[in-house]
Each structure stands twice: as C-alpha cells, then as structure tokens.
Amino acid sequence: MKTKRSVILSVFYIFLSAFIIALFFPREGKFRYQFNEGKPWRYGLLTAPSDFPIYKETSEIEAAKDSIRKKFEPYFRFTPDEENKKLEAWHEHMLILQSAEAPYSTLVYIDKSLRGIYNKGIISSSELELMNKENRTRITVLTNSVADARPLTDFHSVKSAYEEIINNAPGYIDKDILKRCNINEYLTENIFYDPDASNKILEDLIRNVPLSGGMVQAGERIVDRGEVIDNHTYSVLRSLKIIHETKSGGAQRQNVIFIGQIVLVFGIMACFGLYMATFNSRLFLKRKDLIFILLCILVTCILSEICVKYNFMNIYIIPFAIIPIVIRTFFGSHTALFTQLITVAICSLTALFPYEFLLLQILACIVVIFSLKELSQRSQLIKCAIFVFLSYVVFYLSLVIYQEGDFSKINWMMMLYFSINFILLSFSYTLIYVLEKIFGYLSPITLIELSNLNNPLLKKLSETAPGTFQHTLQVSILASNAGEKVGADTQLIRIGTLYHDIGKMNNPAFFTENQKGFNPHENLSFEQSAQIIISHVTDGIKMAEKAGIPQKIIDFISTHHGKGMTKFFYNSFRNEFPDKPVDEAIFTYPGPNPSTKETAILMMADSVEAASRSLKDYSDESFKNLVNKIIDDKIADGLLKNAPLTFDNIEVIKSVFFERLKTMYHTRISYPELNEQKTRVTEDQHHNAK
C-alpha cells in the first residue's frame, strides 16, 4: 500500500513538473525554419504559400520616421487681431505727430514699413530661436485654412523688425526723429506656433510610413537548398515568419498550441518517469531525491524558456552541464546522463537552432560523465568545467566549418558565451557543498574526505581510545562486506562505522576494549555504569555536530544501539536486587532505532564484533551461534522493525558475518623450532664431504 502511494506521488510530481514547464513555453506558433543572413539555406525549395508583403526592418522604418521628423515644417497660424489693434493705435499716434509738425515723409515711411513687415509676419523671438535650434529652415503658415510653406528667413521678431525699419530708412529721413516716433510700441507678433496642427499632421505623416517594400505573390519561388541568403531573401523570409507568427495569434489558436506543448512535454517527462521506475526504482520512490532531480530539470528548462522568450541572454550562457555534474555527484552516471538528455530535449524546443544545440549539449554531457568517472577530489570539478569549455569550443568550431566551409562564418561572440558558461560552471564546486547542506546529501568527495584517518576526530580516537579505534576498523570490515551483498551503500557504511563510537573518547577507560587490567566500573553502581556507557552516544553526537560532520554520518552514531538496553548492567542489577523495582529508562539508549539498511547493518555488525571478543571457542558452531543469537535478539527486541531489510537480507548478512568471523579468528599453524644439535651434525657432514 505504501509503495502504491509512493508510485502515485512520484507520477504526480513528474506530470506537475511537465505542466509547469509547458506553462512557460512561448505561445506563438513557432516558424519551422531557422535562417541567418549570409548563410546557406539548409532546407528544400520554399515557395510563397500566399500573397504577403515584404516587411521593412524595424531600423529601416525608424530611419524613415526620423527623416520625416527632421524634414517636417512646423505649422504656424496667422492671427491679425493684435496686428490690427497696433495699426489703429499707430494711425491715431500718426495724427498727433502730424499736428506736432513731424515730417510727413517720415510718417509715410513708417506706415508703409509697418504694413510691409506685418505682411511678412512677426514671430516671437523664443519660437524663432527654437526653430533655429532644431535646424528648421522652413515653416508652414495657415491663413484661413490655406497653408503656405515659406523660408524661416522671411519672418521677423519684434526686435529684428524695429532694426530693419531704422536701418533701412532712406537718406532724406532723420533717424533721430524716426527713433522718437516710438515705432517699437506698434510692433507685435502676428504669426503663432500651432502645436495641435503640427502634431496631428506629423503623426499622420509618420503613420503613413510604408511598412513594406514590395509584395511576394502566391507560388513565387523564395529560396532553394544551398543558396546563400542575401539581404533581399532574408527580408522575404523574415516577412514570411512574421506573417506565420501573426496568424498563430488568437485565443483559440493559443489554446491549441498550449495543448500541443503540454502533450509534447508530458511525453518527454513520461519517458523520464519510465526510465526512473524501471532502472532506478529506489530514486523513483524516494520523494526527496525525485523532487531534487525534477527541480534540476524544472529550473533549467524555465530559465532557458525565459531567455528565449524575452531575449534575456544567449541560451549558451546557461550552464546546462551543471545538471550532469550535480546528479552524477549524488546519484550516479546513468541517472545523470538520462536526466541531461531529457532536459536538453525539452530546451531544444525553444532554441534557435535545435539540432546544433542538442549536439553541443549532449557531447558536453558525455565529457562530464567521463571526466567525473572516478570522483574523489573537489579539484576534479574545476577540471571538468575546463573540459566542458574546451568541448564547447572545439565542437562548435568543427560544426561551423563542417556546415559553412568558411572560417569567416564563425561567430566569435560564441566564445564569450562559452567563457561565461565556464565561469558559472566553476561554481559547481560551491554549489555541491551548498546542496549537501540543504538536502542532506553526501557526495563521494565528502565521504572520501571523511575517511581520511588524519581527520582530527579519527586521529584523536586512534590516540585516545586505540582499542575502540581497532574495534571500529573490524566493524567496518564486517558491515561493508554485508552491505555489499544486500545492495546497501558500502562507502557510507564504512564512513559511518569509523565515526559511530567517537563518543567513547570522553571516557575511554570505561569500555572493555581500552582497559588494561583495571576496570573502573568496579567502584560504581550499575546505574552509574550504565549512564556512562550510554553517554558515549550523546557525547558522540555533540562531537560530530561541533566538527561539522554531515547528518547522515551522525545518524550512525545515534542509531547504532537504537533504543536497546545496556543488558550487562541491567541484568546484573536484576540479579543482585531481584526484589528492587528498576527504572528501565536508566539502562536504555536514547535511540532512535535504525531506519536504513546501512544503519541497521552497522548495529548488527557492532554487536557481533564486540561479542566475538568474549568467545573462548573459535569453532564454526560457536561463530554461527553467536551471530544468530545477536541478530535474533535485535529482531526480538524490535530494534530492526523500521529498517528496510527482508528476511532474505537478514540471512545473507548472517552468512557474511559468519564467514568474516572465521577469517578474522582463523587458527594459525604453529611453526616448529629448529633442532640445534641436529643442525650442527648436518653442517659437519657437509664440511667433510667437501
């Protein structure tokens, strides 16, 4: 029932991931041809499916709009109201000047000049300055809905109009008298900028910029295989792509596309699920591990979809190779390879050149798998990143040369993308450490580092409690051999065994394997002795946590006695005080009981090895009885009820323990001493023979 529920959950997680990936896919119908200007057409003959315009490039359209803006002649409106008021005021002033006996010729000149300047037009000095600043040479004047385009030099400001009247006066006119006539008081603007008309007309001109530069008729030949795509052909193909993607719009069509994407991604992810269920059922049924792998696929696919959809960055900058590195580190090469194949298969659906993308990513993945075949040092991750970078460069250059046959066609920007990819990939060194902490995983690198006997904890154990250290080595042999036979993680067992008794360093003399003739328990009560023995578990946990030992190794420390009892002291107490009530908690280890194959095997191996030291008879029968009794007692006490071990596994483990004990305690042949007298006689005979 539990397995069935796990299968249902695993299938749900896989299809939920597929749905999320499909949700981020671009919705427009994808044009099925990829093309670049200056490169050969790689498909068959292409003809126009229908009439369509040849759209101009966006830059070309913008250039045309900019040209219109620069050449545009702003619209001004002729408004005579203020002009008429000023002229009327002049006529009144002219009569006053005439009565004051001002020269008639001067007054006539002023009147004629004012009318002439007003006919040309007076514009405010600020608007003239703005027109000059914008390099305008002409403007359009609206007079009663009639437009008249004129040079900007035809117009005056109030200041320039006054100066022209003064400076252009004929010689018979006295300029002092002319200036005293206050001509500037009768000059005003009569031409005003009309922003509404200007903006409306400019917008109409821009709106009417043609978006296309010709038409392609239905059935017209566009391009054939092998032809180099020139500028015109590129424009035609680009226009055909725009038409195709425009026709892909509409809510109904978008829904159809979305359904197609979901079915396609679901199919690919279903292949992943079938592989995991068939060839790696342990990961398939283990929720945390499956979710971790799905997150690797999900994050990478969504990131690549966003990059392509929003043109965020080049897709080759994304460090796809980090997936096989991480998966290989924690779960093995086969899972890493298949996970990467699934990931890049999905991402290729959005890539610009899917076949080239698939080829480069698959080859890079193979490089990762082989470069990390024996993962034992963190420096290998940096070497792997270098190998991936070189593989990208070599395979890309080879592909371009193969396809184009021309070195000039190489896009050297790809080298920059590969370099950024390498930098990001180099962070896998740190990423793996972070993932170990977050998800509680143990990489082979960490296990190898922990197995170093110069590790401070192990070194201190060998110096402080040498008997316990030797005991852990013997238990390691027993446990790892048994683990190998039942499909457990032997490397994890070996490391967990090395650390399981580090808590004994606090009181080494209280443990039999470290005693040399004196037993400190003789001066303690049974309860005190039991508490000291039990404390090596809690002390070991504290030491491991302080030293930063991973939780999976700490689990070996906390579970190697489970919730068992210190039976020697418990039984001794009951025998000596049969009528006295006993608090069993005092004699019971804190636990918990082992819940994995590895921790369960350690519990059995630890007890068997320790008990074997008290054997007096090293016969096959005594070994077999010892192994059966120890393991059967563990089962009877319920200490192994949470461990995923079958009865067949238990029998195999018993058999391995039995064989290993026989090897460890085999009887050696006693070599006879050489008879000294007989040797001398032989030597004398040999001497006489000479």
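The values are calculated or read from the model by the stated rules, or taken from the named source; none is laboratory data. As the structure is a computational prediction, the values presented were derived from the model and not from experiment. Using ideal geometry, Cβ is built from the backbone for each residue, glycine included, and neighbour counts are taken over all protein chains shown. Ligands, DNA and RNA are excluded from the accessible area calculation, which covers all protein heavy atoms including side chains. Shrake-Rupley method; radii C 1.70, N 1.55, O 1.52, S 1.80 Å.
Starting from residues that are in contact (Cβ under 8 Å) with a residue 60 or more places away in the chain and open to solvent by 10 Å² or more (accessible area, probe 1.4 Å), keep the ones in the stretch 456-475 and report whichever is farthest from the chain's Cα centre (by Cα).
Going through the stretch 456-475, the residues in contact (Cβ under 8 Å) with a residue 60 or more places away in the chain turn out to be 456-457, 471, 474-475.
Going one step further and asking which of them are open to solvent by 10 Å² or more (accessible area, probe 1.4 Å), we end up with 456-457, 474.
Values: Pro456: 36, Leu457: 36, Gln474: 44 Å.
This residue is Gln474.
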In the stretch 35-52, anything surrounded by 15 or more Cβ atoms within 10 Å (Cβ to Cβ), over 20 Å from Gly213 (Cβ atoms) and either out of contact with any strand residue (DSSP E or B) (no Cβ under 6 Å at 6 or more places or on another chain) or among the hydroxyl-bearing types (Ser, Thr, Tyr) (or both) is listed as Lys39
Of (1) among the polar types (S, T, N, Q); (2) part of a helix (DSSP H, G or I); (3) in contact with a Phe, Trp or Tyr (Cβ under 8 Å, 6 or more places away or on another chain), Asn199 fails just (3)
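Being within 23 Å of Thr188 (Cβ to Cβ) and under 60 Å from the mean Cα position of the chain (by Cα) narrows it down to one of Ile96, Ile139, Ile117, Ile110, so name that one.
On the way: Ile96 fails: under 60 Å from the mean Cα position of the chain (by Cα); Ile117 fails: under 60 Å from the mean Cα position of the chain (by Cα); Ile110 fails: under 60 Å from the mean Cα position of the chain (by Cα).
None of the other options fit; the residue is Ile139.
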In the stretch 571-602, anything among the acidic types (Asp, Glu) and within 24 Å of Phe657 (Cβ to Cβ) is listed as Glu598
Among the residues of the stretch 488-512, the number that are in contact with a Phe, Trp or Tyr (Cβ under 9 Å, 6 or more places away or on another chain) and surrounded by fewer than 18 Cβ atoms within 10 Å (Cβ to Cβ) is 1
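Yes/no matrix, rows are residues, columns are (1) closer than 18 Å to Ile242 by Cα; (2) modelled with pLDDT of 80 or more; (3) in contact with a helix residue (DSSP H, G or I) (Cβ under 8 Å, 6 or more places away or on another chain):
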site: Ile21; (1), (2), (3): no, yes, yes
site: Glu28; (1), (2), (3): yes, no, yes
site: Phe31; (1), (2), (3): yes, no, yes
site: Glu37; (1), (2), (3): yes, yes, yes
site: Tyr43; (1), (2), (3): no, no, no
site: Ala48; (1), (2), (3): yes, yes, yes
site: Phe52; (1), (2), (3): yes, yes, yes
site: Glu57; (1), (2), (3): yes, yes, yes
site: Glu73; (1), (2), (3): no, yes, no
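Got a sec? Which of Arg136, Arg115 is open to solvent by 80 Å² or more (accessible area, probe 1.4 Å) and touching a Leu at 6+ places or on another chain (Cβ under 8 Å)? Steps first, please.
Working: Arg136 fails: open to solvent by 80 Å² or more (accessible area, probe 1.4 Å).
Going through Arg136, Arg115 in turn, just one is open to solvent by 80 Å² or more (accessible area, probe 1.4 Å) and touching a Leu at 6+ places or on another chain (Cβ under 8 Å): Arg115.
Tell me, yes or no, whether the stretch 160-167 has at least one residue that is touching a strand residue (DSSP E or B) at 6+ places or on another chain (Cβ under 8 Å), surrounded by 11 or more Cβ atoms within 10 Å (Cβ to Cβ) and among the polar types (S, T, N, Q).
Within the stretch 160-167, not a single residue is touching a strand residue (DSSP E or B) at 6+ places or on another chain (Cβ under 8 Å), surrounded by 11 or more Cβ atoms within 10 Å (Cβ to Cβ) and among the polar types (S, T, N, Q).
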Note on the stretch 506-533: residues over 16 Å from His471 (Cα atoms), part of a loop (DSSP other than H, G, I, E, B) and aromatic (Phe, Trp, Tyr) are Phe518
For Lys70, the lone unmet condition from (1) open to solvent by 70 Å² or more (accessible area, probe 1.4 Å); (2) farther than 30 Å from Met215 by Cβ; (3) assigned to a helix (DSSP H, G or I); (4) in contact (Cβ under 8 Å) with a residue 40 or more places away in the chain is (2)
Over the stretch 531-582, the set of residues of a type in the set (Asp, Glu) and more than 56 Å from the chain's Cα centre (by Cα) is Glu576, Asp579
Condition set open to solvent by less than 80 Å² (accessible area, probe 1.4 Å) and in a helix (DSSP H, G or I), scope the stretch 168-183, selection nearest to Glu82 (Cα to Cα): answer is Ile183
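Quick one: in the stretch 116-161, which of the residues that are in a loop (DSSP other than H, G, I, E, B) and small (Gly, Ala, Ser) is farthest from Thr79 (Cα to Cα)?
We begin by selecting, within the stretch 116-161, every residue in a loop (DSSP other than H, G, I, E, B); these are 121, 123-124, 134-137, 144-145, 155, 157.
Those left that are additionally small (Gly, Ala, Ser): 121, 124, 145, 157.
On the way: Gly121: 10, Ser124: 13, Ser145: 12, Ser157: 15 Å.
Selected residue: Ser157.
I want to confirm something. Restricting to the stretch 202-228 and keeping residues that are assigned to a loop (DSSP other than H, G, I, E, B) and among the small types (Gly, Ala, Ser), which single residue is farthest from Arg69 (Cα to Cα)? Show your work before the answer.
Of the residues in the stretch 202-228, the ones assigned to a loop (DSSP other than H, G, I, E, B) are 208-211, 217-220, 224-227.
Remaining after also requiring among the small types (Gly, Ala, Ser): 218-219, 226.
Details: Ala218: 36, Gly219: 39, Gly226: 42 Å.
The extreme case among them is Gly226.
Using the structure shown, decide if Ile420 is under 14 Å from Glu356 (Cα atoms) and not aromatic (Phe, Trp, Tyr).
Details: under 14 Å from Glu356 (Cα atoms): no; not aromatic (Phe, Trp, Tyr): yes.
Taking the combined requirement at face value, the residue does not satisfy it.
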Restricting the stretch 184-194 to residues that are surrounded by 15 or more Cβ atoms within 10 Å (Cβ to Cβ) and either acidic (Asp, Glu) or part of a loop (DSSP other than H, G, I, E, B) (or both), the one farthest from the chain's Cα centre (by Cα) turns out to be Leu187
A careful count of residues in the stretch 229-276 that are at pLDDT below 85 and in a loop (DSSP other than H, G, I, E, B) gives 3
Residue pairs qualifying under the 9 Å Cβ cut-off, at least six apart or on distinct chains, with the first in the stretch 436-447 being more than 17 Å from Asp555 (Cβ to Cβ) and the second being outside any helix (DSSP H, G or I) and open to solvent by 20 Å² or more (accessible area, probe 1.4 Å), are Pro444/Glu374; Pro444/Ser376; Ile445/Ser376; Ile445/Gln377; Ile445/Arg378
Margin query: Condition first: among the charged types (D, E, K, R), open to solvent by 40 Å² or more (accessible area, probe 1.4 Å), assigned to a loop (DSSP other than H, G, I, E, B) and under 29 Å from Ala482 (Cα atoms). Can you find one or more residues in the stretch 569-584 that meet it?
Written below: no
Selection from the stretch 634-655 of residues open to solvent by less than 40 Å² (accessible area, probe 1.4 Å), within 16 Å of Ala611 (Cβ to Cβ) and in a helix (DSSP H, G or I) yields Lys634, Ile653, Lys654
Practice prompt. Return yes when Ala197 is open to solvent by less than 60 Å² (accessible area, probe 1.4 Å) and over 13 Å from Ile122 (Cα atoms) and no when it is not.
Written response: yes
Per the list (1) more than 16 Å from Leu424 (Cβ to Cβ); (2) free of Cβ contacts under 8 Å to residues at least 24 places away in the same chain, residue check on Phe312 breaks on (1)
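Take Thr538 and decide whether it is open to solvent by 30 Å² or more (accessible area, probe 1.4 Å), modelled with pLDDT of 90 or more and polar (S, T, N, Q).
Working: open to solvent by 30 Å² or more (accessible area, probe 1.4 Å): yes; modelled with pLDDT of 90 or more: yes; polar (S, T, N, Q): yes.
Here the answer is yes, as Thr538 does meet what is asked.
May I ask you to say which residue of Asn311, Asn280 is on the phi > 0 side of the Ramachandran plot and among the polar types (S, T, N, Q)?
Working: Asn280 fails: on the phi > 0 side of the Ramachandran plot.
That would be Asn311, the only listed residue that is on the phi > 0 side of the Ramachandran plot and among the polar types (S, T, N, Q).
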